[in-house]
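As structure tokens, the structure follows; a few thoughts come after it.
The values are calculated or read from the model by the stated rules, or taken from the named source; none is laboratory data. These numbers were taken from a predicted model, which means no experiment stands behind them. Neighbour counts run over all protein chains shown; Cβ positions are idealised from the backbone, glycine included. Protein only, heavy atoms only, side chains kept; ligands, DNA and RNA dropped before computing areas. Shrake-Rupley method; radii C 1.70, N 1.55, O 1.52, S 1.80 Å.
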Amino acid sequence: MERRLFLCTALAWPLAARAAPTPYQLAPQSEVEFTFFLAGAPSRGRMPILDADLQLDFRRVSASRVDVTLDAAGARTNLPLANGALKGPSILDTKRYPRIRYTSSAVRAEEGGARVSGELELRDQRQPVTLSARFFRQPDRDPGDLSQLVIELRGALDRSAFGATGFSDLVADRIELRCLATINRAG
């Protein structure tokens, strides 16, 4: 799903003070985009989101929580020849570990959005990963309408911390993450 940020208007956490803890659902076919550096050049890939439990409290941001499961076996890059290596035993090892899970442990408000701290489980290894979150409203929506938002999550990880060390002579350790998805208030 590709959406342009310039089509959205920013929704700051403090402006939504009248909201309460609310479950949100991701739009179907949501994905996480990742950037890896192959011989120093950026390359992109995508991984489908299988499930997400988003509980957002715009009044008390610290009460919010995020639990997301990714389909590692569905990962693909913009380099078709690299897809087999990506899913192979030295990187994602999707035969043994077909899922990746992120669970938040703390959410804090910050200017323009929130900082989400949590644990990423990849290849049966758990490591802390912090994401920045920003929320946007479609420009045609009423300022108080929080029923449909666009969420942007950004972060990075070192793949070697999870044992994904394959092709280290070609692929850099740092992987950048970005998710831009529509979320809808549940119920």
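Calculate one ³J(HN,Hα) per residue across region 35-40 by plugging θ = phi - 60° into the Karplus curve 6.51 cos²θ - 1.76 cosθ + 1.60, and present them in order as whole Hz with x for glycine and proline.
So the J values, rounded to whole Hz, are 10, 10, 10, 9, 6, x.
Give the accessible surface of region 22-113 per residue, rounded to a whole number of Å², with probe radius 1.4 Å and ligands, DNA and RNA excluded.
Dividing the accessible area of region 22-113 by its residue count gives 53 Å².
Using the basic label-point model (7 angstrom from Cα toward the beta carbon), what is the T22 to E176 distance in nanometres?
Going by the 7 Å Cα→Cβ label model, 3.1 nm.
Relative to a virtual label point 7 Å from the Cα of L81 in the Cα→beta-carbon direction, which members of region 156-181 show backbone nitrogen distances below 20 Å?
Hits in region 156-181 for L81 at 20 Å: 166-172.
Within the accessible area of the chain, what % is carbon and sulfur when the probe is 1.4 Å and the other protein chains stay in place?
51
Take R115 and N184, extend 7 Å from each Cα along the Cα→Cβ direction, and tell me the distance between the two endpoints in nm.
3.4
Residue separation times 0.36 nm, minus the C-alpha to C-alpha distance between T130 and T35: what's the value?
32.6 nm
Rg and Dmax of region 42-135, Cα atoms, in Å?
Calculated on Cα positions, Rg and Dmax stand at 15.2, 47 Å.
For the charge dipole of region 47-187, defined by +1 on Lys and Arg C-beta atoms and -1 on Asp and Glu C-beta atoms about the Cα centroid, which residue among P128, Y97, V66 has the Cα displaced farthest towards the positive pole?
Projecting each Cα onto the dipole axis, the largest value belongs to Y97.
Trypsin sites (Lys or Arg not before Pro), restricted to region 74-155: which are DSSP loop and have at most 15 other Cβ atoms within 10 Å?
Those satisfying the criteria are K95, R96.
What is the spin-label model distance, in nm, from R46 to S160 if the labels are put 7 Å beyond Cα along the C-beta direction?
3.1
Might you report the magnitude of the Cβ-based charge dipole of region 28-127 about its Cα centre, with Lys and Arg at +1 and Asp and Glu at -1, to the nearest 20 debye? Provide the component values of the computation, followed by the final result.
Working: 15 positive and 13 negative charges, 38 e Å.
My answer is approximately 180 debye.
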